[in-house]
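Below: one structure, written as structure tokens.
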Amino acid sequence: MNSPLLKLPGAVAADRPDEEVAAHYGRPAHEQRALADGTAFVDRGNRGVIRVSGPDRLEWLHSLLSQHLKELPPNRPTQALLLSPNGHIEHHLHLIDDGEAVWAHVEPGTAPALVEFLDRMRFTLRVEVADLSEEYAVVTGGPEIPGALEFPDVAGTTTRIVERSVLAELPERARPAGIWAYEALRIAAHRPRLGLDTDHRTIPHEVGWVEDAVHLNKGCYRGQETVARVHNLGHPPRRLVMLHLDGSVDRLPAHGDPVELDGRDVGFVGSAARHHELGPIALALVKRTVPVDADLLAGGVAAAQEVVVPPDTGGTARERLRRGPLLRG
């Protein structure tokens, strides 16, 4: 459903998969700075919202997803993945338990398939799964909203699940910023997005989600064998990088454009944006063997790499995780 904020003066609809919300409201650079400064909010109401209730919900989700959820405390946000039997990422969930139910927000258009899968896996367990995307929306930044479920997000922002009726009231309380503002901050923070910075073959180690959305010492779940094999014995075939693009070019590479090294395709462009401080940037998935200091072409635009996932990730990841969070860049 289209956002009511698309009716605001200056609103310009975004491209797929965000066509239901505004790309910007006429001043994208100013909107981005306002979001980073904490004085604006972004309508991300095109994201799916699902709710899993019932006394068996945490243990059940623990058995299906990549995260350790069995003893998840109330109001502690986390991330989880639903993997294919071969370990490829099918869904990326930002989730939180409110003490009575687990709430999750997911990529636009993916909630129905996720709910359908979860429904098939209920068997005799005491759980109920509902797609509440028509009743609830996702908002990043802006003022506090009583009763909202909150998740920490990029650049110090807070993302909230709120009743959809709240959306129309928010411009009276804070400045609206388009999805372009959020995307630029997300790319700069090295946060991949499912379906844009991944493809049907992507595994968690390739995009760094093994740190945020995978628990490496939990029981069996679908796709675990691939995660364990890469973590303990090998390396993923690809790695996520951030690209600093040539600022003299008046266009950004498109999603899916090839990344080239010496005339050879070595990956593809995911998300791209113009950052208010860094200039044009992008995320790309490239072959693990691409030298980290190699200059690349992204959709024909010259690009320098910033390491997100190191080439040696995998067999050595356990030691890095023991020492602490991976230093980005």
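Values for this structure:
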| read-out | value |
| --- | --- |
| From Asp56, Asp43, Asp119, Asp97, residue being out of contact with any His (no Cβ under 7 Å at 6 or more places or on another chain), without any contact (Cβ under 8 Å) to a residue 40 or more places away in the chain and not hydrophobic (A, V, I, L, M, F, W, C) | Asp119 |
| Verdict on Val49 being β-branched (Val, Ile, Thr), touching a residue at least 60 places away in the same chain (Cβ under 8 Å) and over 30 Å from Thr124 (Cβ atoms) | no |
| Residues that are surrounded by 22 or more Cβ atoms within 10 Å (Cβ to Cβ) and not small (Gly, Ala, Ser), drawn from region 31-43 | Glu31, Gln32, Leu35, Phe41, Val42, Asp43 |
| Residue within region 86-102 that is within 18 Å of Arg193 (Cα to Cα) and either of a type in the set (S, T, N, Q) or more than 20 Å from the chain's Cα centre (by Cα) (or both) present | no |
| Wholly enclosed helices (runs of 4 or more DSSP H) of region 202-260 bearing at least 1 residues under 25 Å from Ala273 (Cβ atoms) | 204-207, 209-212 |
| Per-region count, region 189-207, residues crowded, with 22+ Cβ neighbours inside 10 Å and either out of contact with any strand residue (DSSP E or B) (no Cβ under 8 Å at 6 or more places or on another chain) or without any contact (Cβ under 8 Å) to a residue 12 or more places away in the chain (or both) | 1 |
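Residue-wise test of (1) without any contact (Cβ under 8 Å) to a residue 24 or more places away in the chain; (2) buried (at least 20 other Cβ atoms within 10 Å of the Cβ); (3) among the basic types (Lys, Arg); (4) touching a strand residue (DSSP E or B) at 6+ places or on another chain (Cβ under 7 Å).
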site: Trp209; (1), (2), (3), (4): no, yes, no, yes
site: Cys220; (1), (2), (3), (4): no, no, no, no
site: Pro236; (1), (2), (3), (4): no, yes, no, no
site: Leu243; (1), (2), (3), (4): no, yes, no, yes
site: Asp246; (1), (2), (3), (4): no, no, no, yes
site: Pro253; (1), (2), (3), (4): no, yes, no, yes
site: Val269; (1), (2), (3), (4): no, yes, no, yes
site: Ala272; (1), (2), (3), (4): no, yes, no, yes
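Quick note: the coordinates plus some simple rules give every number you see, no bench work behind them. This one's a predicted model, so the numbers in the text were calculated from it and none came from an experiment. We place every Cβ from the backbone using ideal geometry, glycine too, and count neighbours over all the protein chains shown.
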